[in-house]
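All remarks here apply to the structure that follows.
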Amino acid sequence: DYKDFFMGRLFIEMLPGPKVFKCKCCKVDSASHDDIISKDFQGRFGRAYLFKNVVNISLGPSEERALLSGLHTVNDIYCSSCQQILGWRYVSF
């Protein structure tokens, strides 16, 4: 299992480069612009991106969810620093 804490401290990974997506609440790095796979997604609150790699996140439980593209098993993704919801992850398509 991935653990966010090491000896009681929150581990935060910093991403290199000028174009880094950050949590809108606490400004912790979450993804690099270079890791965008697709910009052709629509979320509940607007435009969404598909990334091949993200950091500083925690996962919610797996659940079946009806998305625009059909029924999928997903996990919500939360900022590991402030627990703000950042999006979702496909478990199965």
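The values are calculated or read from the model by the stated rules, or taken from the named source; none is laboratory data. Note that the structure is a prediction, hence the values are computed from the model and not measured. Every residue, glycine as well, gets a Cβ built from its backbone with ideal geometry; the counts of neighbours run over all protein chains shown. Only protein heavy atoms, including side chains, enter the accessible area calculation; ligands, DNA and RNA are left aside. Shrake-Rupley method; radii C 1.70, N 1.55, O 1.52, S 1.80 Å.
Remarks
- For Val91, the conditions (1) open to solvent by 30 Å² or more (accessible area, probe 1.4 Å); (2) β-branched (Val, Ile, Thr); (3) in contact with an Asp or Glu (Cβ under 7 Å, 6 or more places away or on another chain) all hold with the exception of (3).
- Restricting the first member to region 66-93 and to residues that are modelled with pLDDT under 90, and the second to residues that are open to solvent by less than 50 Å² (accessible area, probe 1.4 Å) and in a strand (DSSP E or B), the beta-carbon pairs closer than 8 Å and six or more apart or on different chains are Leu67/Val74; Ser92/His72; Ser92/Thr73; Phe93/His72.
- When restricted to residues that are without any contact (Cβ under 8 Å) to a residue 24 or more places away in the chain and under 10 Å from the mean Cα position of the chain (by Cα), region 23-48 contains 0.
- Applying the condition of being within 26 Å of Gly17 (Cα to Cα) and among the acidic types (Asp, Glu) to region 34-75 and asking which residue is surrounded by the fewest Cβ atoms within 10 Å (Cβ to Cβ) yields Asp40.
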